[in-house]
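See below for the structure under consideration.
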Amino acid sequence: MKKSNLAGWKDVFSFTLVQTLKSKAFLISYIILITLSLISMPLVNKIFNSGNEDVNAPSPIKKVYVYNSTSLQDIDFSKLLPEENMNHILFETASEEYDTLSKEVEKESTSVILTITEDPNMFSLHFLKAGKGPVKDTHIQALGNALAKQFQLLRINASGITDEQNAMLNTKIGTSVSAADVNGEIILKEDTSISMAEYWFIYGILFFVLMANMLSSTQIASSIVTEKSTRVVEYLLITVKPLALMVGKIIAMLFATLFQMVSMVIALFVSNRITSVIIPGNSSSMLEQFLPKDIFQNINIVNILLCFILVMLGMIFYATLAGLAGATVSRIEELNEGLTLFTITNLIGVYIGLGASGTLVGAGINPFVVFAFLFPLSSPFILPGAILIGKATLPLVGIAIVLELVFILLLFRFVAKIYETLILHNGNTIKLKELIHLSKTV
């Protein structure tokens, strides 16, 4: 690759970036993405916390009618609820027929019926509430949990078991299996598996990188095909070399996409802050509720810089591949066919990354996960998330970056040989076999 082949890329970069940022399509998509980011946290709060009740609020249940058919008849039910939000509930032994009382409960709406039955192996507590009214399933669940807990203590006391005996009976028994060497020394094996919260965090990073990658790469391919089909590229090639034209476009689109992504992240944090301040009952931010608890200890300047380098290198590689794919077609209608190789390559990287993240949940770090971390097609998708949850060592990240650079340099050498021929090509879509043959003859 000669230096003269890149002459003029800065002019292409500045012109493409300004035109992209000013374009109506970019501005509309930018406004939509920022708007979605700003309303994302309130929507998430609405979806996940809409049915949540304040656990400290007084229960709307005012009276409980009790049908007790067990051997434990002398029960003072009012003492079973020491919780402050339930100590106002009145318990009354039911004297009417069940069907008659159920009709009254339907009218009262703040009363429930409790039926306690006894089997050889267990006691059952069954509740009936009004179909409509302030008493919800969550209130019945809270009452049931409180009664079941206290009812268990009542049974123990009725059986004459002391607190010391009960503690002994309920002592947990744990077992563990250890591996040992020939000398009998225990071999310690570190648990490198991740939690589901960490899995979804990695998945979110992977999806975010995929979205940014697809957005910038398809824009590059579309721009190149449009210029070829309208013959604008012929005028551009008078002053700029073909390779410089592609490099300038790639870097400009990456900057535009990066601007969108950074703006979305900022808007997301703003949305999170607004949600935690404005919405009552939100003692912690939405991000703290859904992100892994130990995530913030791994977020530092070094890790953020490493993630940024990996993502940018991956986007450069895929954008170059998309630019090459765009140059193989002559009309915009053929763009999807030309992007087949780019799409397949993307999917290979994404599915390897998804497979590795799933493996981390079950088996932890193993040779396949290490391969996914190092493989240039998958490392931009899986490795940034692994870095931020502390599952990637610094030497491994360094090797991955070196391999990514080698992959990019090899692709650029390949592109430098054939791009000038491709950019002037008009006709049928060039296939992969023809590209390889062309690189050998140029």
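The values are calculated or read from the model by the stated rules, or taken from the named source; none is laboratory data. Bear in mind that the values here come from a model prediction, so they are computed numbers and not experimental data. Using ideal geometry, Cβ is built from the backbone for each residue, glycine included, and neighbour counts are taken over all protein chains shown. Remember, those area values only see protein heavy atoms, side chains included, never the ligands or the DNA or RNA. Shrake-Rupley method; radii C 1.70, N 1.55, O 1.52, S 1.80 Å.
Going from most exposed to least, what order do Asp119, Asp99 have by accessible area with a 1.4 Å probe?
Final ranking, largest accessible area leading: Asp99, Asp119.
Would you mind getting me the FRET efficiency between Ile31 and Asn366? Use the beta-carbon distance for r and R0 = 45 Å, nearest 0.05.
For Ile31 and Asn366, the calculated efficiency is 0.50.
What do you reckon, how do Phe269, Phe317 stack up by accessible area (1.4 Å probe), largest on top?
Ranking Phe269, Phe317 by accessible area, largest first, yields Phe269, Phe317.
In what order, largest first, do Trp200, Trp9 sit by accessible area if the probe radius is 1.4 Å?
Putting Trp200, Trp9 in descending order of accessible area: Trp200, Trp9.
For a Förster distance of 25 Å, can you work out the FRET efficiency between the beta-carbons of Asn121 and Asp99, rounded to the nearest 0.05?
Numbers: r = 29 Å, r/R0 = 1.16.
Approximately 0.30, to the nearest 0.05.
How many percent of Cα pairs in segment 313-415 exceed 20 Å?
43
In whole Hz, what ³J(HN,Hα) sequence does segment 297-306 give by Karplus (6.51, -1.76, 1.60; θ = phi - 60°), x for Gly and Pro?
6, 9, 8, 9, 4, 5, 5, 5, 5, 5
To the nearest 0.05, how large is the calculated FRET efficiency for Ser222 and Ala57 if R₀ is 45 Å and r is the Cβ-Cβ distance?
Details: r = 56 Å, r/R0 = 1.23.
Efficiency for this residue pair is about 0.20.
I'd like the distance between the alpha-carbon centres of segment 355-372 and segment 375-390, rounded to an integer number of Å.
11
Using θ = phi - 60° and the Karplus relation 6.51 cos²θ - 1.76 cosθ + 1.60, list the HN-Hα couplings for segment 17-26 in order, rounded to whole Hz, with x at every Gly or Pro.
5, 5, 5, 5, 5, 8, 5, 5, 4, 5
Given a 1.4 Å probe and the protein chains all in place, what does the accessible area of Met168 round to, in Å² to the nearest 10?
The accessible area comes out at roughly 150 Å².
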